[in-house]
């Protein structure tokens, strides 16, 4: 019986034994074609590297990996950047630790097809919820005709005047907006997305910072240099962004 879930799931399978790995891959190919296995790994270091580079939606993690406290170290190494995780194991005594490390589900090998289906249904529900939230955030995070950025809240949304944003700071797929009054807003938008949405007052000066040129008060020389913002915060400028920044400030009449 094939799964009827339509939205694709990108998965990485971490398993150091051939037979269990092939069984899981065969079950996925046969019954769950919406699950695309984008990589497999047999050791913890490779697993962490693969998840960080491929950023899958789902990780099937064997916790019996050698030389790595039953594979749980993979989750500890990934921390908050771990995708949804379905733990696989030949033992039955690790469920509590898996739950504490926020695993989505827990399967005992040899994997039962019905239990695999239930685990994937649960993971799919989580992913659908995340996609819905992201789509909502994308709609709400547009700048309106009054120059205000709409930031979603649990009960509605805030309207943030763009000219009051001093700078935006990256935190992976999240960003923090630092306002002129010192208030900070965390949103589920990357700096790249904000760079596309905000107006020409804003310039990327570093992989971690997008600044409002109207709030730049001082430029300090250096390899890349620094800018001091209206809040008093000094931010590094990357060497590759230095010339672009100086040209932008000169055009705006902010430096000689």
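Computed from the coordinates by the stated procedures, all read-outs in this text should not be read as laboratory data. All of these numbers come straight from a predicted model, not from anything done at the bench. Glycine gets a Cβ as well: all are built from the backbone with ideal geometry, and neighbour counts include every protein chain shown.
Here are the numbers for this structure:
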| item | result |
| --- | --- |
| Calculated FRET value between residue 239 and residue 22, using beta carbons and R₀ = 51 Å, to 0.05 | 0.55 |
| Packing-based order for 72-79, 197-204, using average beta carbon neighbours within 10 Å, highest first | 72-79, 197-204 |
| Percent of alpha-carbon pairs separated by more than 18 Å within region 148-251 | 44 percent |
| Mean Cβ neighbour count within 10 Å, used as a protection proxy, ranking 210-218, 150-158, 48-56 highest first | 210-218, 48-56, 150-158 |
| Computed E for residue 217/residue 155 - FRET, C-beta separation, R0 30 angstrom, nearest 0.05 | 0.25 |
| Normalised contact order of region 148-251, rounded percent, pairs of Cα under 8 Å and 6 or more residues apart | 18 percent |
| Inter-probe distance in nm under a simple model that places probes 7 Å from Cα toward Cβ, at residue 55 and residue 181 | 3.3 nm |
| Centroid-to-centroid separation of region 27-53 and region 178-255 [C-alpha atoms, Å] | 39 Å |
